[in-house]
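Before any comments, here is the structure.
The values are calculated or read from the model by the stated rules, or taken from the named source; none is laboratory data. Model, not experiment: these values are computed from the prediction. Heads up, the Cβs are rebuilt from the backbone with ideal geometry, glycines too, and the neighbour counts pull from every protein chain shown. All accessible areas refer to the heavy atoms of the entire protein, side chains included, with ligands and DNA or RNA removed. Shrake-Rupley method; radii C 1.70, N 1.55, O 1.52, S 1.80 Å.
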Amino acid sequence: MANDLRVAFIGAGNMAEAMISGIVKTGTLEPRQVTATNRSNADRLLELHNEYGIQGIMRDKLQLSSYDVIFLAMKPKDAESSLLSIKDHIRPDQVVMSVLAGISTEFMEEHLNDGQQVIRVMPNTSSMLRESATAISPGQNVTMKNVKLAKSLLSSIGEVYVIEEDQMDLFTGIAGSGPAYFYYLMEHIEKTAHENGMDVQQAREIGAQTILGAAKMMIEREETPTELRQNVTSPNGTTAAGLDALNENGGGTAIKAAIEGAMNRSKEITEQLAKVTVQ
Ligand SMILES: NC(=O)C1=CN([C@@H]2O[C@H](COP(=O)(O)OP(=O)(O)OC[C@H]3O[C@@H](n4cnc5c(N)ncnc54)[C@H](OP(=O)(O)O)[C@@H]3O)[C@@H](O)[C@H]2O)C=CC1
Ligand SMILES: O=C(O)[C@@H]1CCC=N1
């Protein structure tokens with residue numbers, strides 16, 4: 001990565017930190033190449049500076065023209081005002097990468113000047129450990145050079161997938177929101193283990209190692225998840241009893257509902273913002 005590349009984050013919350021951690025701790029960028037901004041929370045900026053060595057400055061002090069990449073990392077409700085606030089302070093050769101759920105490249109392009117380069121990005125908080133599943137969908141004006149830049153920058157926080165934008169809501173339901181489903185699963189593993197007499201910390205380690213092992217099997221082995229599940233399941237054994245209980249209690253339906261619930265919320269954000277803009 002070029003050592004004169006400069007990246008600014010507008011919005012220095014959880015997602016920005018997860019990305020900054022991955023980018024800086026892997027040495028992909030030097031801390032001096034990264035700036036994070038907030039509108040009002042100065043303590044947070046100091047915290048990020050102390051932890052990662054990056055620059056933290058208030059949003060109104062940010063010299064936008066000095067950055068090659070501008071990440072938008074505030075909440076979707078603040079997208080429109082943020083886009084309008086950067087619109088006339090950036091050049092067409094700078095690229096705006098947004099991690100905001102439900103904010104389309106079309107919406108970004110409409111709120112920026114003609115020809116502006118934008119990329120929609122959906123990472124997840126596992127960026128912190130370089131284990132994100134991150135999707136990118138380039139807008140219509142982006143150069144191949146900047147798509148490559150996005151891929152190499154984001155590969156420092158995990159795997160990168162270039163997808164069609166019409167799959168972005170679904171990707172958000174699976175991968176952007178996905179870590180939370182596994183944390184929820186773990187909360188219930190811990191609770192059940194505790195109710196049955198196990199120490200919570202020990203249950204956490206055992207549960208996490210089990211999820212990690214299963215994830216690695218799916219990544220590294222050739223068998224499908226169905227074959228892997230069948231390999232665990234002895235006839236009339238313990239797994240069969242567990243899976244029967246999962247099915248009887250709507251396990252599969254709940255997983256589908258979670259993914260589609262998040263996906264539909266992403267679509268809804270897009271639609272709500274389009275309405276606000278038209279009014
Ligand atoms: N958390 C996650 O797992 C993921 C989140 N995302 C997306 O990332 C975005 C941020 O989420 P998250 O980090 O969780 O949110 P947070 O609430 O943790 O962070 C948002 C930050 O943005 C700042 N902010 C808000 N408006 C502005 C503005 N106009 N200019 C500068 N800074 C601003 C806030 O500080 P202040 O109020 O001081 O300005 C705050 O620090 C969301 O759009 C979400 O959809 C995407 C993938 C995963
Ligand atoms: O909950 C949210 O809206 C964000 C987007 C994906 C994960 N967190």
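The label-point distance for Ser155 and Asp244, in a model that sets each label 7 Å from Cα toward Cβ, rounds to 4.9 nm. Summing charges over neighbours of Met74, with a neighbour being any other residue whose Cβ is under 10 Å away from its Cβ, gives +3 when K and R count +1 and D and E count -1.
Within the shell of other residues whose beta carbon sits under 13 angstrom from the beta carbon of Ile163, the net charge comes to -3, with Lys and Arg scored +1 and Asp and Glu -1.
Return one quarter of the surface area of the convex hull spanned by the alpha-carbon atoms of the stretch 7-165, equal to its mean projected area, in nm². Don't jump to the answer; show the numbers that get you there.
Numbers: hull surface 31.7 nm².
Dividing the Cα hull surface by four gives the mean projection, 7.9 nm².
Considering only His111, Thr143, Thr28, the residue lying farthest towards the positive end of the dipole of the stretch 7-165 is Thr28, judged by Cα position with unit charges set on Cβ.
Measuring with a 1.4 angstrom probe and ignoring ligands and nucleic acids, Arg265 comes out at about 110 Å² accessible.
From most to least packed by mean Cβ count within 10 Å, the peptides 237-248, 62-73, 185-196 give 62-73, 185-196, 237-248.
In this structure the chain gives 56 Å² per residue of accessible area when probed at 1.4 Å with all protein chains present. Take the Cβ-Cβ distance between Glu131 and Asp78 as r, set R0 to 35 Å, and report the resulting FRET efficiency rounded to the nearest 0.05. The calculated FRET efficiency here is 0.80.
Could you order the peptides 19-27, 227-235, 199-207 from most to least packed, using the average number of other C-beta atoms within 10 Å per residue? Could you put the intermediate results ahead of the total?
Numbers: 19-27: 20.4, 227-235: 11.4, 199-207: 13.4.
Top of the packing list down: 19-27, 199-207, 227-235.
Set the Förster radius R0 to 25 Å, insert the Cβ-Cβ distance between Val162 and Tyr183 as r into 1/(1 + (r/R0)^6), and round the FRET efficiency to 0.05.
Details: r = 27 Å, r/R0 = 1.10.
So the FRET efficiency works out to roughly 0.35.
The calculated P(r) of the chain, using every Cα pair and 5 Å bins from 0, goes 1, 5, 10, 14, 17, 15, 12, 9, 7, 5, 3, 1, 0, 0 in percent.
Calculate the all-directions average of the projected area of the stretch 47-116's alpha-carbon convex hull, and give it in nm². Don't skip to the end; give the middle numbers.
Working: hull surface 20.4 nm².
If you wrap the Cα atoms of the stretch 47-116 in a convex hull and average its projections, you get 5.1 nm².
Both radii are taken from the alpha-carbon atoms of the stretch 178-261; with Rh as the Kirkwood radius, Rg/Rh is 0.97.
Rolling a 1.4 Å probe over the protein heavy atoms of the stretch 7-165, with every protein chain left in place, gives an accessible area that is 48 percent carbon and sulfur. Looking at the chain, the DSSP beta bridges with both ends there are about 15 percent antiparallel. Note on the stretch 104-263: Rg/Rh from C-alpha atoms, Kirkwood Rh, equals 1.07.
Using a Förster distance of 30 Å, how high is the FRET efficiency between Lys87 and Lys267, based on the Cβ-Cβ distance and rounded to 0.05? Let's see the in-between values first.
Values: r = 25 Å, r/R0 = 0.85.
Using R0 = 30 Å, I get an efficiency of 0.75.
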